[in-house]
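Asks: Here it is: the structure, laid out below.
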Amino acid sequence: MLTKLNLTGLENALDRYLSYWHTDPATYDALEIPISPIALELAYRNYLLWHEEDKARRTDVDDSAIAVVKRAIDRLNQQRNDLIEKLDEAILTEVSAVVPEQAADRINSETPGSIVDRISIMSLKIYHMDEDSRREDIDDAHRQRSLHRLSVLKLQRYDLYVALEQLLADYVAGRKRMKLYKQFKMYNDPTLNPELYRTRSQG
């Protein structure tokens, strides 16, 4: 199922794309690497989100600049959640075509799309922890701490990928039933966020 979904070798594909994205390319998806286009776009949104979050921690700029960054974070987070749901929909379509009719009623608390999202975030942590371990302005204790954390992050990402593989196998074998879960984020919706709809009604 991983092969059919273009999620085989996801870790290596994301590592290569992260190195590529950090060169500020004109297009985000130009590498000829087999990967689900939805998963790739999700990973790219997480890449953009990561760097906006870094900017939000700056203390040497005006609050107005941070406000712009915070709005960008909100927008990217919404896109990220939409892509997780879109990926789950695509996975469910493929799973439904092969799942036995008498599938179990057991469900999983985390969807495949959410696991892919976590893998992409873990890949970002790995990239930046590796980058930190190579800095020339740190002492050996700092470097060793970063290298230890890097090894832990790689193991955790591997475990996530195995969990994704096992979950998809459970779906295909009928041991678990896949369901879609909607986020229904309210803070970006002017009809659901009271700080937004009250302002509109008062204006």
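Asks: Which value in nm describes the separation of the simple spin-label points at Asp15 and Asp54, placed 7 Å from the Cα toward the beta carbon?
Replies: A separation of 2.0 nm, rounded to one decimal place.
Asks: Still on this structure: I'd like to compare 182-188, 51-57: which one has the highest average count of other Cβ atoms within 10 Å, and what's the full order after that?
Replies: Output ranking for 182-188, 51-57: 51-57, 182-188.
Asks: In whole angstrom, note down how far apart the Cα centers of segment 148-181 and segment 57-95 are.
Replies: 23
Asks: Oh, and also: Which of the peptides 129-138, 75-84, 58-67, 110-119 is most tightly packed, and how do the rest follow, going by the mean number of other Cβ atoms within 10 Å of each residue?
Replies: Ranked by mean Cβ neighbours within 10 Å, highest first: 110-119, 75-84, 129-138, 58-67.
Asks: Hey, another quick one. For Ser151 paired with Arg135, estimate the spin-label separation in nm (one decimal), with each label point 7 Å from Cα along the Cα-to-Cβ line.
Replies: A separation of 2.1 nm, rounded to one decimal place.
Asks: Which FRET efficiency, nearest 0.05, do Asp24 and Ser109 yield, Cβ-Cβ r, R0 25 Å?
Replies: It comes to 0.10.
Asks: Semi-axes of segment 7-62's equivalent ellipsoid from the Cα gyration tensor, sqrt of 5 times each eigenvalue, largest first, rounded to whole Å?
Replies: 26, 11, 9
Asks: Want the number for Arg175 to Ser96: 0.36 nm per residue separation, take away the alpha-carbon distance, what's left?
Replies: Gain on stretching Arg175 to Ser96: 27.1 nm.
Asks: Based on the mean of other Cβ atoms within 10 Å per residue, sort peptides 26-39, 156-169 so the most packed one is first.
Replies: Going by the mean number of other Cβ atoms within 10 Å, highest first, we get 156-169, 26-39.
Asks: Per residue, how many Å² of accessible area does the chain show with a 1.4 Å probe?
Replies: 60
Asks: Measure up Lys86/Lys182; Lys86/Lys154; Lys125/Lys185; Lys55/Lys154; Lys4/Lys86 against 19 Å on the Cα-Cα distance and list the ones that go over.
Replies: Beyond 19 Å between Cα atoms: Lys86/Lys154; Lys125/Lys185; Lys55/Lys154.
Asks: So, one more: Given segment 100-176 reduced to its alpha-carbon atoms as identical point scatterers, what log10 I(q)/I(0) does the Debye formula return at q = 0.13, 0.26 Å⁻¹?
Replies: -0.52, -1.10
Asks: Tell me the mean residue ellipticity at 222 nm calculated for the chain from its helices only (DSSP H runs of n ≥ 4, each -39500 (n - 2.57), averaged over every residue, nearest 500). Intermediate results must be reported in sequence, preceding the final value.
Replies: Details: 6 runs with 131 residues, N = 203.
So the helix-based figure for the chain works out to -22500 deg cm²/dmol.
The values are calculated or read from the model by the stated rules, or taken from the named source; none is laboratory data. Note that the structure is predicted; figures quoted are calculated from it, not measured. Cβ atoms come from the backbone with ideal geometry, glycine included; neighbour counts cover every protein chain shown. Note: areas computed on protein heavy atoms with side chains; ligands, DNA, RNA excluded. Shrake-Rupley method; radii C 1.70, N 1.55, O 1.52, S 1.80 Å.
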